[in-house]
Every structure is written in C-alpha cells, then in structure tokens.
Amino acid sequence: MDLLSNIDSIKGVGEKTTKLFNKLGVYTIEDILLFFPRTYLVYPKPSTPDKDSVDSLISIAGRLKNSPKFFRTRNKMDVLSAVAYVDDIPVDLVWFNSNYLKSNFEPGKIYIFYGRLVLDKGRYKMSQPSIFTPEKYLEVQKQIQPIYHLTKGLSNNLVLKSVREAFDKCNISKERLPLELETRNKLMPYDKALFTYHFPETFDKLVAARRRLAYEEMFFFILNSRLQENESVSFPNEFKINHHQITDDFKNELAFSLTNDQENVLSDILSDLQGPYVTQRLIQGDVGSGKTIVAFLAMLDVALSGYQAAIMAPTEVLAKQHYQNFVEWVKSAGVNVPVALFTGSMKASEKKSMQKLVEENNSCLIIGTHALISDGRTFGDLALVITDEQHRFGVQQRDKLSSKGNHPHMIVMSATPIPRTLAMILYGNMHVSIIKQLPANRLPIKTCVIKESRRATAFKFVADEIAKNHQVYIICPLVEASETTEAQNVTDYSKKLKSYFRDKYSIGVLHGKMKPSEKNQVMEDFAEHKTQILVSTTVVEVGVNVPNATVIMIENANRFGLAALHQLRGRVGRGDAQSYCILMNASQDNHESERLNIMLKSNDGFFIAKEDLKLRGPGDMFGVRQSGEFSFKVADIYQDADELELASSDVDSILKEDPSLDNHLELRSTMNLFLANQFYVL
C-alpha cells in the first residue's frame with residue numbers, strides 16, 4: 001500500500017468513515033500515520049466508588065445479581081440497564097443502543113466496568129462503561145492505550161484499528177536523517193519511533209520515540225530556515241522614512257508615558273526603517289506590555305513619510321479593535337492619514353470601498369485579518385508590514401503579505417516569552433527586540449492556586465466581581481466530555497454554571513470547533529459587555545482586549561504548561577481595576593503544586609518561561625501544549641529545548657561543511673518531502 005493512497009484503501013474504512021476522517025484532516029495513509037495520539041490511558045486498579053471519585057474516570061469490580069434489563073424510550077432510543085454491586089454499594093449502569101451486550105453478562109459473576117462515575121439522585125451511576133472480564137482487565141492494564149482526537153461518529157477503537165492496518169500494509173523508510181546523527185544522538189530509528197508513538201510497550205520507550213520525532217521536526221525546521229537565510233538576498237532599502245515631530249507630539253499627549261523598553265524598541269524600528277537594507281525584526285512583548293501602541297507609532301512615521309503600512313491581526317475582533325484605536329489615534333494626532341480595514345466577514349461593497357481608499361492614498365494605515373492576503377487585494381507603496389501574534393500566521397502567509405509591496409520592512413510581534421537562547425535559534429534571520437516592562441498604570445495580577453474543596457469560595461468571588469460590573473473568563477482544557485480524560489469541558493461546564501448561578505448571568509461559550517463567524521460573535525458580545533462570563537478553551541489566548549475583565553479562572557491548571565498559563569493570565573489586568581487569576585489544581589501530586597506555585601512568584605513571562613524549562617519533564621508530555629508558536633505536531637519549544645539546541649548544532653555542523661547540501665542530496669529530498677507533507681505548519 002502506497003503512503004499516498006486514500007484512507008478508504010484501509011480495510012474497514014468505508015465512505016462514511018472516510019468523511020469522518022476527512023473532518024480531522026486525514027485523507028491518506030500517510031496522514032493517519034502522522035495522526036498522533038493526543039494522550040494515553042493506563043487503566044487504573046479497580047476501586048470502591050465514593051464521593052471523592054464522583055466525576056472521575058474509575059474502574060469498579062462489580063457483581064450483577066440480575067440480568068440487564070432492556071427498554072425503549074419515548075424517542076425510540078434503546079436502553080440497556082443493570083446494577084452492579086461493589087461489595088454492598090450499588091452502581092447503576094446504562095448503555096444506549098447496545099442491546100447486543102445483554103448476552104455478555106452472567107448473573108453472579110464479577111465484571112470490571114470502566115467509565116465516568118456520577119452521582120444521580122443520590123445513586124452512583126456510569127453511562128456507557130467499558131466492560132471487561134477480570135482476566136482481560138489484567139491484560140489491558142499492562143498496556144498503554146493511545147487516545148486520539150475524535151469527531152462525532154468516529155470511535156477511538158476504529159481509529160486505533162485503522163492505524164494498525166496502515167502500519168501492517170506500509171513500508172516506512174528508516175533513512176530520514178544521516179546515520180551518524182542517529183548514532184551519535186542515540187535516536188530511535190524513524191519507523192520504530194513512529195510505530196512506538198502510536199503503540200508504546202512501555203513509558204520509557206514512548207519517551208524515546210517522542211524524543212526522536214521531536215528532534216526530527218525541529219531539525220528539518222531549522223535546516224529549512226538556515227537554507228532560506230543562506231539563499232536570501234538583502235534588498236536595498238529604497239524607502240525614505242523620517243521620524244516626525246507630529247509622532248513625538250502625539251506620544252507626549254498620551255495619557256500614559258511609554259516605558260523605557262517601548263522607547264528602545266521604537267528606536268530599533270526607526271534604525272531599521274532608515275538603514276541601508278530592508279530588515280525583519282521580531283518584537284517579543286510580554287502580555288499587556290503595550291506592543292500595539294509601538295506598532296502604531298512606527299506605522300504613523302511611515303505614513304507621514306508618504307508610504308503605506310499594514311498590520312495583520314489573528315482575529316476579526318482584534319482587527320476591529322486595532323481599527324477603532326488607530327482611527328481615534330490618528331484623529332488625536334491631528335493628521336489626515338486614512339485608515340483602512342479588511343476582514344473576512346465584511347460585505348463585498350465594504351471591501352471595495354476600502355480597496356478604493358487604499359488605491360487613492362499613497363500614505364495610509366491598513367489593518368486586517370487573513371483578508372489582507374486574499375487574491376485581488378492590492379496595495380500601493382507598502383513600506384512596512386506588521387503581523388500581530390505572529391505564531392498564528394505561517395511564514396508563507398507573512399511572505400504573501402510582504403509580496404503585496406516592493407520588499408517592505410517586516411515586523412513580527414509575539415506575546416510568547418521565549419528565552420533569548422531559543423529565540424536566536426528559531427529566528428536566526430531576524431533582529432530581536434524585547435519589551436519586558438509593563439505600563440506604570442498596570443497593577444500586577446493577583447494569582448492563587450486552589451483545590452476543588454474551595455470551588456464554592458471561587459464561585460462566590462466570581463459573583464462578587466460581577467456585582468462590581470466586571471467580567472470573568474473561565475478556561476477549560478476540553479471542548480466536550482471525554483470518556484478517557486479527566487478534565488473540565490466548556491460544553492458541560494457552561495451548563496453547570498447556568499444551573500449554579502440559576503441563570504442570573506449571561507454566559508458565552510467559545511471553542512475552536514465553532515465556525516469563525518460564531519467565534520467572532522461570542523468574542524464581540526463579551527467585548528461589548530453583553531455577556532458577564534466567557535467559558536472558553538485556550539482559543540481565547542489570542543483575541544479581544546477587554547479591560548473590564550478582572551478575573552480569569554483556569555480549570556485543571558495542572559494540565560497546562562506555565563508559559564501557557566501566563567499567556568492566559570494576560571487576558572485580564574488590562575484596565576485600571578485590580579485583576580485576579582485563579583488556578584484550579586485538580587492534581588494530588590505535590591510536584592504539580594510546586595510547579596503551579598511559580599505563577600505566584602512573578603508576573604514576568606520570561607522568568608516563568610525559564611522556570612518552566614527547568615521543571616517540565618517527560619511526565620508532562622501530554623498535557624495542554626505549551627506553545628503553538630510553530631504548530632509542531634510533536635515538538636514543544638519549552639519541553640524540548642535540549643533537542644532544539646542539539647538539532648541547531650547538528651544543522652550548523654552539516655551546513656558548515658556543505659552549505660548547499662550538494663553532498664547531502666537525500667537529506668534535502670527528505671526535507672522537501674517533510675515540508676510538502678506539512679508535518680508542521682510553516
């Protein structure tokens with residue numbers, strides 16, 4: 001079977017299943033081999049149900065006194081119910097549309113049931129539990145079970161069977177990296193690493209497989225970046241950009257003073273704009289450090305010098321906020337500089353009007369989302385391009401925006417605090433500036449770590465803040481309930497909140513599976529204070545600026561990396577009022593408490609990132625990802641910092657001897673295949 005064969009060539013994958021796989025971005029055999037598990041399950045020892053295990057995934061050893069009963073509901077759903085006794089404790093069991101299971105049970109025998117325990121009308125209950133004989137359960141307890149991302153209608157078992165079938169029918173190349181690299185770095189062979197990542201025999205082998213795949217991802221990423229740097233041409237800077245007194249006057253009239261870091265970055269940008277060559281600069285600014293005003297001041301100088309400047313934002317809501325701010329700031333500066341906005345949801349007539357504005361004004365400020373790089377979008381003398389929250393855009397997207405002008409200067413802005421040593425590897429072809437200081441009027445965010453026992457206190461605090469006319473974010477790791485993961489999900493959580501607060505507050509729900517238009521509407525409603533509470537996954541990490549939001553409560557905080565928690569914490573603390581971050585720690589592990597307590601020590605993202613580098617270990621592999629900075633499938637720049645530095649050193653050694661890879665043609669070919677298959681997003 002060829003790697004590029006369609007997914008329906010796998011035995012058992014028909015037309016319906018193919019469409020479900022397609023929803024998850026799986027179209028070919030190769031796609032499913034690279035469709036890695038999101039986490040792993042080791043079945044626990046059977047336990048006795050009690051109140052502490054409610055809402056947890058547990059296994060019980062229960063005896064059925066009677067055969068299961070079958071009945072059909074009014075809406076014609078088949079239900080199979082039984083009662084299992086763990087010693088003398090009854091647990092109600094229910095399965096839907098699973099009548100065939102009835103013959104699997106023999107009254108008086110013990111079976112193992114695995115599922116989520118709930119308390120329903122004073123009785124313990126499990127819905128859709130997995131069923132094992134004690135002998136079979138002992139067998140599966142010895143295995144590490146891969147758990148995949150799913151879509152409705154696609155079971156984990158079907159994905160697992162399809163992946164096994166793909167491995168059985170395919171020959172996977174072993175030779176992807178030079179043999180001396182694999183030997184020197186003690187890397188598991190590629191084909192074995194790929195199989196082990198799906199079906200690990202032991203946790204140690206899983207760690208080794210992951211290390212190999214993470215190293216390879218970063219090796220090819222860095223190799224491609226270095227080759228692009230070597231092949232890139234330095235274009236002469238033909239723009240005559242001056243610094244203007246009007247810009248200084250506007251800056252001096254602001255209600256706040258710029259920090260020293262902001263002033264230094266502005267100086268760096270001006271030096272670039274007036275230098276002999278077109279430049280690229282990365283601005284790393286911690287959350288709330290004031291990158292947007294720096295971007296505007298730089299763009300204003302460009303426009304006053306007779307050129308166009310554009311900024312691309314990751315969401316429509318943020319683009320609209322930039323537009324509103326820029327229009328207001330231009331007016332305050334007292335200059336006649338047009339401001340244009342392009343977003344995907346705008347009507348064709350609105351886009352046409354904005355396009356005309358751009359075409360008729362050689363000097364203007366342009367703001368937009370991905371709509372800026374759509375076909376047919378043209379600009380005049382574009383001298384500066386800025387991408388906000390740069391990791392939301394790939395290199396190709398930034399290059400496409402850059403190509404709209406005649407080799408404009410490029411600035412990328414990121415709120416992800418990457419230690420300088422790693423930044424120099426990842427952004428080797430860019431100048432790097434850092435904004436660490438927060439504006440003087442920003443109060444440090446007060447952070448606390450609490451356990452489940454204090455949830456009622458946390459909810460009361462939320463209610464008290466809303467009573468002050470403030471708003472609240474609540475972050476959950478999951479979109480919907482999972483049979484394999486103990487974590488809060490936005491779907492059920494929002495319902496529980498409505499019940500808890502008795503519909504007293506308007507609650508918005510936000511997650512990545514929603515359509516862009518739906519997400520924009522939810523975020524706009526929160527920004528306009530139409531909703532008091534926003535229950536969201538981490539998609540809210542980059543988005544709207546809501547100065548009125550004073551509390552962010554992060555459920556299952558122990559599942560997040562510290563850098564990710566710091567990013568989320570930055571959603572609040574943007575106004576004058578004191579803001580708070582509540583970290584709910586669902587883990588009983590003392591190490592997790594120690595790790596989360598670092599968030600109490602500092603509001604400095606760079607300090608937190610460094611601490612995270614020290615603490616994150618292989619046991620933390622499968623929590624919520626630390627950084628989406630480069631959209632690696634496996635690698636994480638924090639957790640895999642050692643492999644990142646190793647891969648960088650290896651790439652440099654190869655290119656020192658063979659700058660164009662003339663003697664490494666197979667390596668170049670593998671790299672091109674790697675990029676073409678989009679193992680990671682460039």
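Every number here is computed from the coordinates shown, using simple stated rules; none is lab data. Please read all numbers here as calculations on a predicted model, not as lab measurements. Counting neighbours? That spans all protein chains shown, and the Cβs are built from the backbone with ideal geometry, glycine included.
DSSP beta bridges in the chain, what fraction antiparallel, as a percent rounded to 5?
Given both bridge residues lie in the chain, the antiparallel proportion sits at roughly 35 percent.
Can you tell me the 0 to 90 degree angle between the C-alpha axis of helix 665-676 and the longest principal axis of the chain, rounded to 10?
80 degrees
Quick one: SER130, SER363, SER579, fewest Cβ neighbours within 10 Å first, how do they rank?
With the fewest neighbours first, SER130, SER363, SER579 line up as SER130, SER363, SER579.
Can you give the convex hull volume of the alpha carbon atoms of the chain per residue, in Å³?
178 Å³
Relative contact order for the range 44-142 using alpha-carbon pairs under 8 Å, separation at least 6, rounded to a whole percent?
29 percent
Using alpha carbon centroids, what distance separates the range 287-329 and the range 85-137, in Å?
If you average the Cα positions of each part, the centres end up 59 Å apart.
Would you please give the residues with an amide H less than 5 Å from that of ALA549, counting only those at least 5 places away or on a separate chain, with H modeled from the backbone geometry?
It is GLN471, by chain and number.
With axes computed from alpha carbons, what is the tilt in degrees of helix 605-615 against the longest principal axis of the chain, rounded to the nearest 10 within 0 to 90?
Helix 605-615 sits at roughly 40 degrees to that axis.
Which cross-chain or sequence-distant (5 or more) residues have an amide H under 5 Å from the amide H of ALA340, H modelled 1.01 Å from N in plane?
LEU365, ILE366, ILE367
About its Cα centre, what dipole magnitude does the chain give when the only charges are +1 on Lys and Arg Cβ and -1 on Asp and Glu Cβ, stated in debye to the nearest 20?
Approximately 2900 debye in magnitude.
Would you work out the relative contact order for the chain, in percent, from Cα pairs under 8 angstrom that are 6 or more residues apart?
12 percent
Using only C-alpha positions, report the orientation-averaged shadow area of the convex hull of the range 446-620, nm², one decimal.
Here the figure is 10.2 nm², rounded to one decimal.
Take each of the peptides 214-220, 51-57, 246-252, 570-576, average the number of other beta-carbon atoms within 10 Å over its residues, and list them starting from the highest.
214-220, 570-576, 246-252, 51-57
Please go through the residue pairs LYS347/LYS446; LYS51/LYS460; LYS351/LYS513; LYS23/LYS192 and name each one whose alpha carbons sit more than 32 Å apart in this structure.
Among LYS347/LYS446; LYS51/LYS460; LYS351/LYS513; LYS23/LYS192, the Cα-Cα distance tops 32 Å for LYS347/LYS446.
Rounded to the nearest 500, what is the chain's calculated 222 nm mean residue ellipticity when only DSSP H runs of at least 4 contribute -39500 (n - 2.57) each, over all residues?
So the helix-based figure for the chain works out to -11500 deg cm²/dmol.
I need ARG442, ARG502 ordered by Cβ neighbour count within 10 Å, fewest first.
Exposure proxy ranking, most exposed first: ARG502, ARG442.
Take the alpha carbon atoms of the range 347-381, find their center, do the same for the range 205-276, and report the distance between the two centers in whole angstrom.
24 Å
In degrees between 0 and 90, to the nearest 10, how far off the longest principal axis of the chain does helix 156-169 point, with axes built from Cα atoms?
80 degrees
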